[in-house]
Every structure is written in C-alpha cells, then in structure tokens.
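First comes the structure, then the notes that go with it.
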Amino acid sequence: MKDVDRLKDLLQYRISNELFYNENLIEIKNPEVRQLFSQFRDDEMRAIINLQQKIERLDAKPYIVSKIFPIKPRT
C-alpha cells in the first residue's frame, strides 16, 4: 500500500470522526460536553486540512524542481 493510500484512508477516518462530533453537537445540552465536542471537532478539522494538503503534495506531479532541473537520461 502506498503512502498516499494510507493518508487517504486516514482522511476518511478523520472525516467520519468530524461528522460524528457535528451530529452529536445538535443533541447535546450540557455546555461542558458541547464545548468538549466542539474542541474535538475543531481538532479533527485541522487534521483533515493537514491531511488534504499532504495528499495534494504527494499527488502533485511532476515536482516543480524537476521542471526547473530536468533529469536527462544517461547515454
């Protein structure tokens, strides 16, 4: 399994966690628990953004350096 595939799996896991916190925030009446779930949701959102950026960097090909310094095959 490639690194990018692992990151995509982790991204899906984090998204499902964030959805869980959002869905439960609607029902929660206790202010302390609401605050805790809000913090958890925000942490998940930051992790999601971070993972999306990592995946984009890994998927971006060719790298900018290879455009500046193209690798010439040896003869």
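Around residue 46, under 15 Å between beta carbons, what's the net of Lys plus Arg minus Asp minus Glu among the other residues?
Charge balance in the 15 Å sphere: -1.
Residue by residue through the range 33-46, which ³J(HN,Hα) values in whole Hz follow from phi under the Karplus form 6.51 cos²θ - 1.76 cosθ + 1.60 (θ = phi - 60°), with glycine and proline marked x?
Result, rounded to whole Hz: 5, 4, 5, 4, 5, 5, 5, 4, 4, 5, 4, 5, 5, 5.
Between residue 43 and residue 19, what length comes free when the chain is fully extended (0.36 nm per residue of separation minus the Cα-Cα distance, one decimal in nm)?
Gain in length upon complete extension: 7.4 nm.
Every number here is computed from the coordinates shown, using simple stated rules; none is lab data. What you see is a predicted model; the values in this text were computed from it and never measured. Every residue, glycine among them, receives a Cβ derived from its backbone with ideal geometry; neighbour counts consider all protein chains shown.
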